[in-house]
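Notes follow once the structure below has been shown.
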Amino acid sequence: MLKLDFHLAGRHFLQIPGPSPVPDRILRAISYPTIDHRGPEFGELGLKVLAGIKQIFKTQQPVVIYPASGTGAWEAALSNTLSPGDAVLMFETGHFATLWKKMAEKLGLKPEFLGLPGIEGWRRGVQPQMIEERLRADTQHAIKAVCVVHNETSTGVTSDIAAVRRAIDAAGHPALLLVDTISGLACADYRHDEWGVDVSVSGSQKGLMLPPGISFNAISPKAMAANQHAKLPRSFWDWTEIVEMNKSGYWPYTPNTNLLYGLSEALDMILGEGLDKVFARHERLAEATRRAVRAWGLEIQCADPSVYSPVLTGVMTPEGVDADAVRKLIYERFDMSLGTGLGKVKGRMFRIGHLGDCNDLTLLATLAGCEMGLRLAGVPLRESGMPAAMEWLSEAPKTLGSKAA
Ligand SMILES: Cc1ncc(COP(=O)(O)O)c(C=O)c1O
């Protein structure tokens with residue numbers, strides 16, 4: 001039976017790369033009484049969150065909000081735009097790209113998985129020139145969509161989506177561009193319209209600082225047109241009726257009212273701070289983390305500094321050290337959760353989340369917990385990472401992201 005009668009002093013450190021800690025302000029908003037989802041107040045709430053979320057995706061186009069986790073929004077993106085047997089080009093960036101590809105197979109699509117050998121793709125992210133070459137070879141335009149993950153949460157690599165758009169355009173190929181920014185949105189810069197993304201997929205439990213439970217599709221006019229002749233079966237996920245009813249702030253089914261209160265609060269917080277400041281904050285914390293990891297003498301999972309993730313840092317443990325045993329020790333001794341290695345890198349790395357409601361001192365405590373745990377687990381560290389992180393955090397101005405440094 002679940003033991004609920006415990007009390008641990010202080011807050012649990014939820015330093016996984018999502019769900020991220022939910023700020024008290026958002027938790028309070030979620031606790032407002034549930035209202036009639038067909039009543040007048042609800043319409044106001046609906047219109048507010050639908051307008052606000054567009055600013056986060058940087059789009060003028062419709063954004064659909066589902067009462068579902070990110071996986072649901074993946075399925076919505078595929079089933080609204082494609083037909084059984086359609087070829088789709090996907091890129092192996094890590095565990096989540098792999099899961100999306102498996103979903104495409106289950107739905108009856110024909111995904112082709114481009115990638116670098118071994119786990120190189122899991123360390124370097126999307127290679128736009130490979131996409132361009134493959135599309136150039138597809139002279140018959142059999143490939144109907146290119147699907148890529150913006151921030152690969154399993155590795156800590158943030159791929160260059162604008163470069164993927166340029167690659168598709170350079171090949172003169174009409175494929176749709178579908179992007180998973182489930183963990184990138186509201187942490188790293190993201191521009192649905194400017195980058196010519198056709199469907200952007202995201203979720204609530206990462207940069208938006210909400211609990212899991214709502215997810216999004218931002219939809220280009222080209223994707224909306226594809227919806228008209230896409231033959232994959234869909235009912236709940238179909239955009240048409242939702243977009244129509246959203247015009248007045250309502251949904252065709254019962255929406256997740258209390259999470260929408262939370263979304264409204266999160267939008268006030270993020271847009272109040274300003275997206276550029278939010279991104280700089282993430283970059284700054286990520287750089288502090290990488291400085292600590294380098295001081296420890298450990299390797300960062302992302303091998304290309306131009307695509308370092310501002311959301312999380314993957315830390316590779318030395319040969320023979322089980323990263324999950326280190327995580328377990330840290331959880332038991334210091335009440336902190338870190339992300340596990342997924343798929344091909346299981347046991348070889350752990351992930352430090354530094355997204356959402358995280359500040360300088362939250363991060364320093366997180367790094368201290370990691371360092372103590374690594375030492376207790378007998379992992380040889382070159383030196384303490386704390387001075388390097390503290391120096392960066394005390395000297396780098398708040399407005400400075402690592403890429404600006
Ligand atoms: C990049 C990415 N894609 C997809 C998913 C799946 O989303 P969910 O677990 O909310 O269904 C996740 C979850 O962590 C993710 O990080």
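Quick look at the numbers
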{"item": "Candidate aspartates and glutamates for bridging to Lys247, where Cα separation is under 13 Å - those fewer than 8 sequence places away on the same chain excluded", "result": "Glu44"}
{"item": "Gyration tensor (alpha-carbon) shape descriptor, the range 6-64, a/c threshold 1.5", "result": "oblate"}
{"item": "GNM flexibility winner over the chain from Leu376, Leu82, Leu263 (Cα, springs under 10 Å)", "result": "Leu376"}
{"item": "Zero-based 10 Å bins, Cα pair distances in the range 86-189, whole percents", "result": "17, 50, 31, 2"}
{"item": "Antiparallel bridge percentage (DSSP; both residues within the chain; nearest 5)", "result": "50 percent"}
{"item": "All-pairs Cα distance distribution in the range 24-271, expressed in whole percent, bin size 5 Å", "result": "1, 7, 14, 19, 20, 16, 11, 7, 4, 2, 1, 0"}
{"item": "Under the Karplus curve 6.51 cos²θ - 1.76 cosθ + 1.60, θ = phi - 60°, whole-Hz ³J(HN,Hα) for the range 248-256, x wherever Gly or Pro sits", "result": "9, x, 10, 10, x, 9, 6, x, 7"}
{"item": "Accessible area of the range 24-271 belonging to carbon and sulfur atoms, whole % at 1.4 Å probe", "result": "54 percent"}
{"item": "Cα-based equivalent ellipsoid of the range 139-253: semi-axis lengths in Å, sorted from largest, via gyration tensor", "result": "23, 22, 12"}
{"item": "Sequence-distant aspartates and glutamates (8 or more away, or on other chains) whose Cα lies within less than 16 Å of Lys277", "result": "Asp189, Asp268, Glu287, Asp357, Asp360"}
{"item": "Most fluctuating residue given options Arg134, Arg327, Arg351, as computed from a GNM of the chain linking Cα atoms under 10 Å", "result": "Arg134"}
{"item": "Rough spin-label spacing in nm, given labels placed 7 Å along Cα→Cβ, for Tyr32 and Asp193", "result": "2.7 nm"}
{"item": "log₁₀ of I(q)/I(0) at q = 0.20, 0.30 Å⁻¹ - the range 296-344, Debye sum with one point per alpha carbon", "result": "-0.81, -1.25"}
{"item": "Of all accessible heavy-atom area on the range 274-395, the percent that carbon and sulfur account for (1.4 Å)", "result": "54 percent"}
{"item": "Accessible solvent surface per residue of the chain, calculated while the other protein chains remain in place, 1.4 angstrom probe, Å²", "result": "41 Å²"}
{"item": "Contact order relative to length of the chain, as percent, for alpha carbon pairs under 8 angstrom and 6 or more apart", "result": "23 percent"}
{"item": "Most fluctuating residue given options Gly156, Gly262, Gly274, as computed from a GNM of the chain linking Cα atoms under 10 Å", "result": "Gly274"}
{"item": "The range 215-266 - convex hull of alpha carbons, volume per residue in Å³", "result": "96 Å³"}
{"item": "Rg(Cα) / (2.2 N^0.38 Å) computed for the range 274-395, rounded to two decimals", "result": "0.99"}
{"item": "Listed residue pairs exceeding 28 Å between alpha carbons, taken from Lys48/Lys106; Lys101/Lys206; Lys48/Lys144; Lys48/Lys222; Lys206/Lys346; Lys101/Lys328", "result": "Lys48/Lys106; Lys48/Lys144; Lys101/Lys328"}
{"item": "Pairwise centroid distance, computed over Cα atoms, of the range 51-111 with the range 329-359, Å", "result": "26 Å"}
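The values are calculated or read from the model by the stated rules, or taken from the named source; none is laboratory data. In this text the structure is predicted, and so the values were computed from the model without any measurement. Because the Cβ atoms are built from the backbone with ideal geometry, glycine has one as well, and the counts that use them run over all protein chains shown. Just so you know, the surface numbers come from the protein's heavy atoms only, side chains and all, with ligands and any DNA or RNA stripped out. Shrake-Rupley method; radii C 1.70, N 1.55, O 1.52, S 1.80 Å.
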